[in-house]
Each structure stands twice: as C-alpha cells, then as structure tokens.
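The values are calculated or read from the model by the stated rules, or taken from the named source; none is laboratory data. Since the structure is predicted, the reported quantities are computational estimates derived from the model, not experimental observations. For neighbour counting, all protein chains shown are included, and Cβ atoms are generated from backbone atoms with ideal geometry for every residue, glycine included. In case anyone asks, the SASA skips ligands and DNA or RNA and just uses the protein heavy atoms, side chains included. Shrake-Rupley method; radii C 1.70, N 1.55, O 1.52, S 1.80 Å.
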Number of protein chains: 2
Amino acid sequence: MSPATGHVLGVDSGGSGIRVALRAVPGSGPDLTWASSVPAAVGEQGVDARGLLGQVLPAARSLLARAGAQRCEAVCVGAAGMISLGADLRAVLPSALREALGVRRLALAADAVTAYAGALGQRPGAVVAAGTGLIAVGTDLTAECGWRRADGWGHLLGDCGSGAWIGRAGLEAAMRAYDGRAGGSHALLERLEAVFGPPPELPAALYPRADRPAVLASFAPEVSRCAPGDPVAADILRRAARHIAEAAAAVCPAPRPGREATSAATGRQAGLADPAAEVYGTGGACDVAVTGGLLRMGAPLLAPLHEELQLQLPHACPVTAAGEPLDGALCVAEALLTDSLLLPADPPMLRIVC
Amino acid sequence: MSPATGHVLGVDSGGSGIRVALRAVPGSGPDLTWASSVPAAVGEQGVDARGLLGQVLPAARSLLARAGAQRCEAVCVGAAGMISLGADLRAVLPSALREALGVRRLALAADAVTAYAGALGQRPGAVVAAGTGLIAVGTDLTAECGWRRADGWGHLLGDCGSGAWIGRAGLEAAMRAYDGRAGGSHALLERLEAVFGPPPELPAALYPRADRPAVLASFAPEVSRCAPGDPVAADILRRAARHIAEAAAAVCPAPRPGREATSAATGRQAGLADPAAEVYGTGGACDVAVTGGLLRMGAPLLAPLHEELQLQLPHACPVTAAGEPLDGALCVAEALLTDSLLLPADPPMLRIVC
C-alpha cells in the first residue's frame, strides 16, 4: 500500500486556550500553527462543539490558505474534558469537519492521549501530564490492554502531586505557621502574605472563586522557591514527587503476562540482567515521560522526582518529552492518514470516528 | 452588688439552621428552646442580619410569651461566619434587638466561642469544634491573651481532621484503588461505589455542587466503618486524630509566664508533681474538649484521638463537653446579665456590644 499524502490538522483544546497546527504529509517544511488564549466553553452538554469550531474552522482555513492547500485529509482533536464532557464534540465534530474541511479521517482524543503522543510518539510507555491538574496514561500498544489511566480526578479527589496539590499543601503549611500548629512553615507564611495579603482574609478571597484549582496552583512556584532552605516546603515537593511517580507506576505497561512468567523466572534463576529487557527491547525499559507546566518548578521538584521514578519504576527509562500535546495531535492525525496508527483506539481515551 | 434578674436569650446560627433558647435568671425550670432547619443566608454583606432576625425575633417573642415575660435583658448571638462575614450582623443587630425585645446587653460571638462556652463554661482551656469543618479556640481568661484560634480555614486551606478532611482522604484512597495506585483501599472503593456509583462519574457529580465540603464529609462515616478491618482507613483516622490534637495543642493556654518560670523551676528542682498544677488548680491540667458532629464517628476515631491528645497535650485534661453551642450562647448571655463574664471580650471572637 502506498503511503497517503495530503495535509493533516492537529487541535489541542485545553483550559488555557486552543491551538491548531497543519502539517504536510510527507513533510515539506515546518508545521503551520495558530493559537488562541480563549478556551472552549463548557456548558450543560459538556465542551461546546460549536464554540470550538468557531475558532478551529477559521484557523484551519487560514492555515490551509498559507499552505496553498484545499482540504485536510485527517484531523485529531485532543481536548480537556473529552472523557467525561465530550458528548457534544462526538455529536457535532464529524459532519462539521467533513463538510467544512473535507476531512476523511477523524480521531477524538483525551488531552492526556495527545500529551502522550506528543511526548513519546507511538512507542509503548507511560506519560504523566502535570500542570494545574495531573493525569497519567500508559499503553503497551495492544488492543487488549488499551490505555491505562491513573488520577486526573480533580483537586478534591486526586490530582496528587499537581500544581494545585503542591500549592494547596503550601498554603496549608503557611496557615499552620500562622496558627502555631505543628507542621507549619514561616517561610511559606511570608510568601502567602506577600502574594495574598493577610492570612485571615484568604478564605474569603479563595472560596467564592470559580478557578480555585488555578488559584491554588499559582502558589506552587512559591513552594519551589522556599524548598532549598525550608524543610516543610522540601517535604511537600518530595511527597508530590512520590505521588507523580505513583501515578506513572500505575499506568506503566507491565511485561506481558506470558513472557513475564518465563523471562522473570529465567532471569531470577540464572541471576541474569533485568528480565524486562525481553519485553521492552534492547533498553530493557519502558519509556516514562513527565510533561506539562509543572516541569517549570525546576530542580526542587525534579530532583526528588528523578529519585522517586528510579525507586518506584526501576525498570522504566525516564525520557524527556519529545513534544507537546499539539505535536501529539498531529502525530495521531498523520498516523490516520498513512494508516500507521499504533496507539490503541480505546474510547473514550482515543476514538477513531472515521 | 446584687445579682440582676430577668430573661436571657441565646442564639446559635450555624450552617444547618438556627436555634434559640430562653432562660430565666436566676434559674426556675428548664430553658425554653426553638429550632429551625433554615440557615441564615450569606450574601454580599456576609451573614444576612435581617434574614436572621426574621427567624429569631418571632421565635424570641414566642418563647417570651411561653415564659410569661415581656423582654430579654441580655442576648448572645453565636454565628458561623461571625469572624469574617459578620459586618451586617454588627451593623443591624444591636438596635434591632433593643427595639424589638428591649435588650440591654448584647454579645456577638464566633460559633467557636459559643461552642467553647457550651463545652467548658467559663473555665480556662481549649475546645475543638469539629463537624464538616474544624476550628479550635482556647483561652486562659486573661485579657492579654484573649482568644487563641487555630484552623477553621475551610476544606482547601485547612479544617485538618474534620469530616470533610476525613471524607476527602477516604475518597482519594478509593480512587487510588480504582487506578491501581499506591495507597489505595479496596474497602473504601467498595463504599464509594455503593454510595456514589461508578467512580469515573464522581468528579462530574461533585465539582459543580455548592456544598462540596458537606458532600466530602458525608463519606467520613464510611471511613470509620471500614477502619477496623482496613489499614488505609485506619491510617486516615489516625492522621485526623493527630491533626485534631495539633489544633488543640496550638490553642491550649500555656502556664502564665511569670508563674510558669517559678513553679516549673521549683517543680523540677524539687522533683515534685506537675508544676502546671499551680496554674490550672488542683487537677494541674488545662481542660480540653472536642465537641461537634465528628464525635459520632465513634471509637475508630476517638481511640486514636485520645492517644494523640495524651501525646501532644500531656498536661491537659480531656473532658467531655458539658453542652452545645446553644448552651454556650445562654452561658454568655447570663454572664452579661449578672456582670459575671469571665471569658475575654476579644473581637471578632467575642464582641460585647453593650
């Protein structure tokens, strides 16, 4: 089968805006990109498809015009909320994209899946997408296992180790110092006062807001700033690192059962090197990447994170994410066009519509 | 000075409703009480004074009629939100209560202070009021120290060890089990599924609600139920007990500086019994009480709580709360009438208006 050619479109719809990219396949020059800081609205039907299209279609037409092209052969839309709030997207996008852009192949993906594809491409492994929230996804590329997912349950039920988690823990430690309770940090209390003003007024400022997780996460960099000289702040980042590694460990694809039993037994009996090598190839390791805005916390988080990943995933190989969710959306769209999709179609994580 | 006589009114305005009680001073028969399950509204001006009066004034008139009395000499209003949301109450209540009920003496108190007075009366000590939220207050009855307060910062910044805290931790442990992350509890996951349904649908059910802390707290009894057979649930309650004791320890009045230096030195040198005895009287201990709905969690919480109080407050004497916040409001009102108030007037915790 000869590889298909044409243009593919990637869409990344997140809490802080929408990004669109157009790629010629086979590649001839850089991807063309467009960005908006207006996020897709979330209404009673979930993520609003017509609002999303109102930004994506003009952007796509403009990118196509710059590329001198008439149509998009394949599209992948990665969106925050796709898993639980994607009903309207599923209902509206297929026919709308077909009519407006001539799209033949369409994939709808959770933003965690496009983050995965952006970070690791179509290799097996695990990716933690960590910003204000946190979710981990992993796959061994088999249809039986599909996608494994951990956390991503929001700031009250989880998102453990995320920016909101770190910021919240930092603010709690500051209030403990204010009260004279155990576990307080005067360094964090000073930062709270500098950022938010008098501590007793913080509850009235925080609780009425709709963007509470973002407010909490805005304090995370202060925790990182205090960590080098403050044991309480350092402990918060150590616990965050542990939680991030726990999420990665939960989704990291296991050696396949049949092979594990054999190779692990053989490896142990013979005292050989890591038996996982047989499953994951020459490196003997599953690739694990952490991606997203939380990486901007720098060494005070990344140093313990490196240690925790080694501790909890001794067989895994920590790698740097190759790209961002928008790159991942392009990767999936290109794989659709060229009939080379290796990532498992496993709704609601990754739905191949046509 | 001869003791004053007349009728006093106590008001307890909380998140789950309003309660009013009338007492004859000196006592002649039981207090008369009235209760409503409609809480005072909270608007842009904070707790709505006219809404509160709309319930309290008819109730007071009805209780006065039953008592065959014409007027209230003294009133204490204890209200959730008094500290940070009490502007409207301070502006409206004094003249309204004077005109409607002939009130001469009025105290406005944080609900934590009426909880304190209900639990310990006018003795020095520390009280933790724990339900959906958690706040600790303590006093040595001196004006210099006034009231010490710890926590009460709400479910994102604190309320550590509260019902919302325990329920949230239990739900997180359940989601961890669902994900296969470390720290999960399958027992709690079963309870989550029984109470809320499929775990992936919980975020969409929880986050849009205005009463998120109450939803979280509604799961706390399940944690208590699982604790006897589930180490994760038991650990949550152990940590809650630690936090509750930390709040108590932060507000427990210290032996007074001058006396402490003398008596502690004397005690240690002579190998005598606890030198704190000189400060706190014959028992040698500061009374500490935990009060509120969290006590309904029973032994799985109360056993570790007893241990933690002994560990963190070795000089304190854990006592059972004598009464509830409504009793505390009556206690303060009666003390106003009889000019025998020992609890420190220390706004915004306790404000003697007239």
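A:LEU93: open to solvent by less than 30 Å² (accessible area, probe 1.4 Å), more than 14 Å from chain B (Cβ to nearest Cβ) and at pLDDT 95 or above, yes or no? For A:LEU93, the condition - open to solvent by less than 30 Å² (accessible area, probe 1.4 Å), more than 14 Å from chain B (Cβ to nearest Cβ) and at pLDDT 95 or above - is met. Does region B:50-61 contain at least one residue that is assigned by TED's automatic domain parsing to the domain that holds B:LEU337 and part of a strand (DSSP E or B)? No, region B:50-61 contains no residue that is assigned by TED's automatic domain parsing to the domain that holds B:LEU337 and part of a strand (DSSP E or B). Scanning region A:201-224 for residues that are open to solvent by less than 50 Å² (accessible area, probe 1.4 Å), of a type outside the set (Ser, Thr, Tyr) and farther than 27 Å from B:PRO208 by Cα yields A:GLU222, A:VAL223.
Given the structure, is B:ARG105 more than 12 Å from chain A (Cβ to nearest Cβ) and over 23 Å from the mean Cα position of the chain (by Cα)? So B:ARG105 fits the description; yes.
Would you confirm, using the coordinates I've provided, whether B:ALA59 is within 14 Å of chain A (Cβ to nearest Cβ), crowded, with 19+ Cβ neighbours inside 10 Å and touching a strand residue (DSSP E or B) at 6+ places or on another chain (Cβ under 9 Å)? In short, no. Please go through region B:192-238 and pick out each residue that is over 22 Å from the mean Cα position of the chain (by Cα) and not in a helix (DSSP H, G or I). Matches in region B:192-238: B:GLY197, B:PRO198, B:TYR207, B:PRO208, B:ARG209, B:ALA210, B:ASP230. Just to be sure before I move on: is A:ARG19 open to solvent by 10 Å² or more (accessible area, probe 1.4 Å), over 24 Å from A:GLY131 (Cα atoms) and in the same structural domain as A:ALA345 (by TED's automatic domain parsing) in the structure I sent? For A:ARG19, the condition - open to solvent by 10 Å² or more (accessible area, probe 1.4 Å), over 24 Å from A:GLY131 (Cα atoms) and in the same structural domain as A:ALA345 (by TED's automatic domain parsing) - is not met. Search region A:153-175 for residues being without any contact (Cβ under 8 Å) to a residue 60 or more places away in the chain and open to solvent by 10 Å² or more (accessible area, probe 1.4 Å), and hand back the single one that is farthest from the other protein chains (Cβ to nearest Cβ). Residue satisfying both the conditions and the ranking: A:ASP159. In region A:63-80, which residue that is without any contact (Cβ under 8 Å) to a residue 60 or more places away in the chain and in contact with a strand residue (DSSP E or B) (Cβ under 7 Å, 6 or more places away or on another chain) is most open to solvent (accessible area, probe 1.4 Å)? The selected residue is A:ARG66. Within region A:319-350, no residue satisfies the criterion of being modelled with pLDDT under 95, outside any loop (DSSP other than H, G, I, E, B) and open to solvent by 50 Å² or more (accessible area, probe 1.4 Å).
Within region B:178-200, restricting attention to residues that are within 13 Å of chain A (Cβ to nearest Cβ) and open to solvent by less than 10 Å² (accessible area, probe 1.4 Å), the residue that is farthest from B:PRO228 (Cα to Cα) is B:PRO199. Checking each residue in region A:231-258 for being more than 18 Å from A:LEU305 (Cβ to Cβ) and open to solvent by less than 60 Å² (accessible area, probe 1.4 Å) picks out A:VAL232, A:PRO253, A:ALA254, A:PRO255, A:GLY258.
Taking region A:6-49 as the range and being assigned to a loop (DSSP other than H, G, I, E, B), under 17 Å from A:ALA69 (Cβ atoms) and touching a residue at least 40 places away in the same chain (Cβ under 8 Å) as the test, only A:ASP31 passes.
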